[in-house]
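The structure under discussion appears below in the form of C-alpha coordinates.
The values are calculated or read from the model by the stated rules, or taken from the named source; none is laboratory data. None of the values given here were measured: they were computed from a predicted structure. Counting neighbours? That spans all protein chains shown, and the Cβs are built from the backbone with ideal geometry, glycine included. In case anyone asks, the SASA skips ligands and DNA or RNA and just uses the protein heavy atoms, side chains included. Shrake-Rupley method; radii C 1.70, N 1.55, O 1.52, S 1.80 Å.
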Amino acid sequence: MLEDCKSAQERWGGVHRLIDRWLDERRMLLVRFDELKEACDAELEAVTKPRIDAFSELLMDYISAGHFEIYPQLRAEAEAFEDDDALGLADRLLTRLEMSTELVLAFDEDYASPVRCQHYLSRLPAWLDRLAKGLTERFSLEDRLIARLHAAHAPEERASSGV
(Lines give C-alpha, C1' and ligand atoms only; values in the text may rest on other atoms or scores of the structure.)
Protein backbone atom coordinates (compact mmCIF):
# COMPACT_ATOMS: atom_id res chain seq x y z
CA MET A 1 0.00 0.00 0.00
CA LEU A 2 2.86 2.36 0.80
CA GLU A 3 4.27 1.71 -2.68
CA ASP A 4 0.90 2.64 -4.25
CA CYS A 5 0.88 5.93 -2.34
CA LYS A 6 4.47 6.59 -3.29
CA SER A 7 3.91 5.93 -7.00
CA ALA A 8 0.70 7.98 -6.96
CA GLN A 9 2.57 10.87 -5.35
CA GLU A 10 5.33 10.58 -7.95
CA ARG A 11 2.81 10.44 -10.77
CA TRP A 12 0.53 13.26 -9.67
CA GLY A 13 3.39 15.26 -8.19
CA GLY A 14 4.90 15.12 -11.68
CA VAL A 15 1.63 16.45 -13.08
CA HIS A 16 1.75 19.24 -10.52
CA ARG A 17 5.29 20.21 -11.62
CA LEU A 18 4.20 20.06 -15.27
CA ILE A 19 1.29 22.40 -14.50
CA ASP A 20 3.57 24.74 -12.55
CA ARG A 21 5.96 24.99 -15.53
CA TRP A 22 3.03 25.58 -17.86
CA LEU A 23 1.68 28.36 -15.65
CA ASP A 24 5.17 29.91 -15.63
CA GLU A 25 5.01 29.82 -19.45
CA ARG A 26 1.66 31.59 -19.21
CA ARG A 27 3.23 34.37 -17.15
CA MET A 28 6.04 34.74 -19.71
CA LEU A 29 3.46 34.82 -22.49
CA LEU A 30 1.58 37.61 -20.72
CA VAL A 31 4.78 39.63 -20.26
CA ARG A 32 5.53 39.32 -23.99
CA PHE A 33 1.92 40.18 -24.81
CA ASP A 34 2.12 43.36 -22.70
CA GLU A 35 5.46 44.30 -24.28
CA LEU A 36 4.05 43.85 -27.78
CA LYS A 37 0.90 45.80 -26.89
CA GLU A 38 2.98 48.66 -25.47
CA ALA A 39 5.17 48.68 -28.60
CA CYS A 40 2.05 48.88 -30.78
CA ASP A 41 0.69 51.73 -28.71
CA ALA A 42 4.01 53.60 -28.80
CA GLU A 43 4.84 53.28 -32.51
CA LEU A 44 3.12 50.60 -34.56
CA GLU A 45 5.37 51.04 -37.60
CA ALA A 46 8.42 50.26 -35.44
CA VAL A 47 7.09 46.83 -34.44
CA THR A 48 9.27 44.25 -36.17
CA LYS A 49 8.50 40.78 -37.44
CA PRO A 50 11.05 39.22 -35.04
CA ARG A 51 9.19 40.82 -32.15
CA ILE A 52 5.86 39.48 -33.41
CA ASP A 53 7.49 36.10 -34.04
CA ALA A 54 8.86 35.92 -30.49
CA PHE A 55 5.37 36.49 -29.10
CA SER A 56 3.72 34.16 -31.58
CA GLU A 57 6.22 31.39 -30.84
CA LEU A 58 5.52 31.60 -27.10
CA LEU A 59 1.81 31.66 -27.82
CA MET A 60 1.96 28.58 -30.04
CA ASP A 61 4.19 26.74 -27.55
CA TYR A 62 1.77 27.51 -24.73
CA ILE A 63 -1.28 26.35 -26.72
CA SER A 64 0.54 23.21 -27.88
CA ALA A 65 1.66 22.32 -24.36
CA GLY A 66 -1.94 22.56 -23.22
CA HIS A 67 -3.32 20.37 -25.97
CA PHE A 68 -0.55 17.77 -26.11
CA GLU A 69 0.81 17.63 -22.55
CA ILE A 70 -1.41 19.20 -19.92
CA TYR A 71 -4.95 18.29 -21.00
CA PRO A 72 -4.12 14.61 -21.60
CA GLN A 73 -2.42 14.39 -18.19
CA LEU A 74 -5.41 15.99 -16.49
CA ARG A 75 -7.77 13.54 -18.23
CA ALA A 76 -5.57 10.61 -17.23
CA GLU A 77 -5.66 11.76 -13.62
CA ALA A 78 -9.46 12.05 -13.64
CA GLU A 79 -9.70 8.62 -15.28
CA ALA A 80 -7.39 7.13 -12.65
CA PHE A 81 -9.68 8.51 -9.93
CA GLU A 82 -12.74 7.34 -11.89
CA ASP A 83 -14.09 10.89 -11.75
CA ASP A 84 -16.78 10.80 -14.45
CA ASP A 85 -18.11 14.23 -13.51
CA ALA A 86 -14.67 15.75 -14.02
CA LEU A 87 -14.30 13.98 -17.36
CA GLY A 88 -17.66 15.35 -18.51
CA LEU A 89 -16.61 18.85 -17.48
CA ALA A 90 -13.31 18.37 -19.29
CA ASP A 91 -15.10 17.47 -22.51
CA ARG A 92 -17.27 20.58 -22.30
CA LEU A 93 -14.38 22.90 -21.44
CA LEU A 94 -12.07 21.45 -24.09
CA THR A 95 -14.72 22.12 -26.72
CA ARG A 96 -14.87 25.74 -25.58
CA LEU A 97 -11.07 25.98 -25.61
CA GLU A 98 -11.07 25.16 -29.32
CA MET A 99 -12.44 28.62 -30.12
CA SER A 100 -9.39 30.37 -28.69
CA THR A 101 -7.11 27.78 -30.29
CA GLU A 102 -8.57 28.68 -33.69
CA LEU A 103 -8.06 32.36 -32.89
CA VAL A 104 -4.40 31.76 -32.05
CA LEU A 105 -3.85 29.74 -35.22
CA ALA A 106 -5.40 32.51 -37.33
CA PHE A 107 -3.16 35.10 -35.67
CA ASP A 108 -0.08 32.95 -36.31
CA GLU A 109 -1.07 32.52 -39.95
CA ASP A 110 -1.64 36.26 -40.49
CA TYR A 111 1.87 37.07 -39.27
CA ALA A 112 3.69 33.96 -40.58
CA SER A 113 5.70 35.54 -43.39
CA PRO A 114 7.37 38.92 -43.78
CA VAL A 115 4.96 39.85 -46.57
CA ARG A 116 1.89 38.87 -44.53
CA CYS A 117 3.31 40.60 -41.47
CA GLN A 118 3.78 43.84 -43.39
CA HIS A 119 0.34 43.50 -44.95
CA TYR A 120 -1.41 42.94 -41.59
CA LEU A 121 0.71 45.23 -39.40
CA SER A 122 -2.02 47.89 -39.25
CA ARG A 123 -4.39 45.21 -37.87
CA LEU A 124 -2.03 44.17 -35.08
CA PRO A 125 -3.59 46.34 -32.33
CA ALA A 126 -7.05 44.97 -33.14
CA TRP A 127 -5.61 41.44 -33.24
CA LEU A 128 -4.07 41.94 -29.81
CA ASP A 129 -7.42 43.13 -28.45
CA ARG A 130 -9.10 39.99 -29.84
CA LEU A 131 -6.33 37.81 -28.43
CA ALA A 132 -6.64 39.48 -25.04
CA LYS A 133 -10.32 38.57 -24.87
CA GLY A 134 -9.78 35.05 -26.19
CA LEU A 135 -6.83 34.36 -23.90
CA THR A 136 -8.65 35.73 -20.86
CA GLU A 137 -11.45 33.24 -21.45
CA ARG A 138 -8.96 30.47 -22.23
CA PHE A 139 -7.02 31.01 -19.01
CA SER A 140 -10.26 30.96 -17.02
CA LEU A 141 -11.31 27.67 -18.64
CA GLU A 142 -7.88 26.17 -18.11
CA ASP A 143 -7.93 27.21 -14.47
CA ARG A 144 -11.27 25.43 -14.10
CA LEU A 145 -9.79 22.32 -15.70
CA ILE A 146 -6.84 22.36 -13.31
CA ALA A 147 -9.07 22.94 -10.30
CA ARG A 148 -11.49 20.17 -11.16
CA LEU A 149 -9.27 17.56 -12.77
CA HIS A 150 -6.10 17.97 -10.75
CA ALA A 151 -6.47 20.01 -7.58
CA ALA A 152 -9.57 18.04 -6.56
CA HIS A 153 -7.43 14.87 -6.55
CA ALA A 154 -4.31 16.31 -4.93
CA PRO A 155 -3.47 14.58 -1.62
CA GLU A 156 -3.53 17.80 0.41
CA GLU A 157 -6.94 18.71 -1.06
CA ARG A 158 -8.40 15.33 -0.14
CA ALA A 159 -6.90 15.53 3.35
CA SER A 160 -8.29 19.01 4.01
CA SER A 161 -11.72 18.05 2.70
CA GLY A 162 -11.81 14.92 4.86
CA VAL A 163 -11.78 12.51 1.90
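A few remarks follow.
- Using the average count of surrounding beta-carbon atoms within 10 Å as a protection proxy, the listed peptides 72-80, 85-93 rank, highest first, as 72-80, 85-93.
- Ranking by accessible area, most exposed first, for H16, H150 with a 1.4 Å probe: H16, H150
- Cα centroid of region 38-77 to Cα centroid of region 110-150, whole Å: 8
- Percentage relative contact order, region 58-145, counting C-alpha pairs under 8 Å, at least six apart: 34
- For region 141-148, 3J(HN,Hα) computed residue by residue from phi via the Karplus equation (6.51, -1.76, 1.60; θ = phi - 60°) reads 5, 5, 4, 5, 4, 4, 4, 7 Hz, glycine and proline entered as x.
- A simple spin-label model places the labels of V31 and L105 3.0 nm from each other, with each point 7 Å out along Cα-to-Cβ.
- Net charge, Y111 excluded, C-beta distance under 12 Å - Lys, Arg +1, Asp, Glu -1: -1
- Estimated inter-spin distance, D61 and D24, nm [label 7 Å along Cα→Cβ]: 1.2
- Sequence-distant contacts, meaning Cα pairs under 8 Å at least 6 residues apart, place the relative contact order of region 1-147 at 27 percent.
- Taking the convex hull of Cα positions in region 9-105, its mean projected area over all directions (nm²): 7.1
- Radius 14 Å from Cβ of E98, net charge of other residues (Lys, Arg +1; Asp, Glu -1): -1
- Estimated at 0.36 nm per residue, the fully extended path between Q118 and A46 surpasses their Cα-Cα distance by 24.8 nm.
- Our coupling estimate for region 125-138, obtained by passing each phi through the Karplus curve with A = 6.51, B = -1.76, C = 1.60 and θ = phi - 60°, is x, 5, 4, 5, 5, 5, 5, 4, 5, x, 6, 4, 5, 4 Hz, Gly and Pro reported as x.
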